[in-house]
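To keep things clear, I will list the structure first and then write my remarks on it.
The values are calculated or read from the model by the stated rules, or taken from the named source; none is laboratory data. Predicted model, so just to flag it, every value in this text is computed and none were measured. Reconstructed Cβ throughout: ideal geometry from the backbone, glycine too, with neighbour counts over all protein chains shown.
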Amino acid sequence: MCAYRDAHDWVDPRRCRGGASNRPSRHCPPGGCACEGAHQHVRSPAPARTTTRCQHGGRARSVPHAPRLRGRGLREEDLAGGWVELFDRWFADAVAAELPEPNAMVAATADTDGVPDARIVLMKGYDAFGFVFVTSYASAKGAQLAVNPHAALVFPWHALQRQVRIAGRVERVGDAASDDLWNPRPRGAQLAAVASVQSTVVDSREELEERVRLLDEETGEGPVPRPPIWGGYRVVPERIEFWQGGADRLHDRLRFVRDDDEGGGWIVQRLAP
C-alpha cells in the first residue's frame, strides 16, 4: 500500500536495493523505480591524507583530501527532466554505490525563536509532492514543527562528492498514510515507538526496556496499533539544490526555486561555489 494515496511517483528507498545482482529487486514499485537502469557499482578512489598544524600549536589530526574529480560535472541540460528525475538518478547512484543508508538525511528544524536543531532521519519516500519521514509528534522536532512548520534537509552523499539540499514547509501526511508507514514496521520497532516518549528524559535504559517488556505482555502477539502521536511528515520543497563536487573546489551548484507567480513552476539558478 502506497503511503501517498494521492501521488503516483512513490519510491520506497528501504526496498529499492538491487543486492548482489545490481538489478532492481522484486520490491521496487511496479512500472520501474528510481534504481532501474542505474544498478552498477560506483567506486570512489581512497582520498589522500594530510597532516596540518593546529592553530594553537602542536600537530592536528590528519584529515582527508577530497579525491581529484574528473568528468563534466553538473550542467543545466542535466536538469531538463525536472528535479524529480534528477533526484531519481542521483538516488539510484547512491544505492548502486552501496552507500550505507543512502536514504539517511539531515533534518533541521527551529523553534519560534529561530534556534536551530538538527538530527539524522530516514527518508521513507519521495515524489513530486515532497519527501517523507516519520517520527513522534511529541518529539522535539514534532514540537518545533507544530509552531514553525518549516524544515531543511540534506542528503550527504560524501563518497560521490554530492549533496542534495532541500528547504520547504512541512505538513503531516494524514492518518491513512501514517498507517501505511507504521504497519510494515517490525513488531519490536512498534513496541519501542509506543513505549518510548521520544526526547523525554528517562532515568536509565533499564526503565525503557521494562516499558517495552510490559507493553509486549499487554498487547500479545501480532502487530501493535499505531499510536495517535506517531506519524509521517512531508517536506514540501520550495528550494532544492543539487551540489556536485568539482576539481579545485570549483563545485557545481544548481538550485530549483519554486515560482508561485508562474503557477507553481520552477526556476533554475546556478550558484557560485
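On inspection, Thr219 does not qualify as at pLDDT below 90 and closer than 22 Å to Ala143 by Cα. When you scan the range 188-209, do you find a residue that is at pLDDT 90 or above, surrounded by 13 or more Cβ atoms within 10 Å (Cβ to Cβ) and of a type in the set (D, E, K, R), even just one? No. Residues of the range 205-261 that are aliphatic (A, V, I, L, M) and under 22 Å from Val84 (Cβ atoms): Val235, Val236, Ile240, Leu254, Val257.
Okay, residues lined up against (1) closer than 19 Å to Arg234 by Cα; (2) at pLDDT below 95; (3) surrounded by 16 or more Cβ atoms within 10 Å (Cβ to Cβ):
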{"residue": "Arg70", "(1), (2), (3)": "no, yes, no"}
{"residue": "Glu76", "(1), (2), (3)": "no, yes, no"}
{"residue": "Ala92", "(1), (2), (3)": "no, no, yes"}
{"residue": "Thr109", "(1), (2), (3)": "yes, no, yes"}
{"residue": "His150", "(1), (2), (3)": "yes, no, yes"}
{"residue": "Phe155", "(1), (2), (3)": "yes, no, yes"}
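What about Val257, is it assigned to a strand (DSSP E or B), modelled with pLDDT of 90 or more and of a type in the set (Val, Ile, Thr)? In short, yes. Taking the range 106-152 as the region of interest, how many residues are aliphatic (A, V, I, L, M), in contact with a strand residue (DSSP E or B) (Cβ under 6 Å, 6 or more places away or on another chain) and farther than 24 Å from Thr200 by Cβ? Residues in the range 106-152 being aliphatic (A, V, I, L, M), in contact with a strand residue (DSSP E or B) (Cβ under 6 Å, 6 or more places away or on another chain) and farther than 24 Å from Thr200 by Cβ: 3 in total. So, in the range 96-107, exactly how many residues are surrounded by 22 or more Cβ atoms within 10 Å (Cβ to Cβ) and not in a strand (DSSP E or B)? So the answer is 2. When we screen Ala167, Ala143, Ala151, Ala176 for residues that are outside any strand (DSSP E or B) and in contact (Cβ under 8 Å) with a residue 60 or more places away in the chain, the only hit is Ala176.
If you go through the range 194-220 and keep only what is assigned to a helix (DSSP H, G or I) and either of a type in the set (A, V, I, L, M) or touching a residue at least 60 places away in the same chain (Cβ under 8 Å) (or both), you end up with Val194, Ala195, Leu208, Val212, Leu214, Leu215. Sort out which residues of the range 227-254 are within 29 Å of Ala143 (Cα to Cα) and either assigned to a strand (DSSP E or B) or modelled with pLDDT under 90 (or both), and write them in order of number. Those that are within 29 Å of Ala143 (Cα to Cα) and either assigned to a strand (DSSP E or B) or modelled with pLDDT under 90 (or both): Trp230, Gly231, Gly232, Tyr233, Arg234, Val235, Val236, Pro237, Glu238, Arg239, Ile240, Glu241. So, Leu122, is that one surrounded by fewer than 17 Cβ atoms within 10 Å (Cβ to Cβ) and either over 19 Å from Ile229 (Cα atoms) or in contact (Cβ under 8 Å) with a residue 12 or more places away in the chain (or both) or not? Yes, satisfied.
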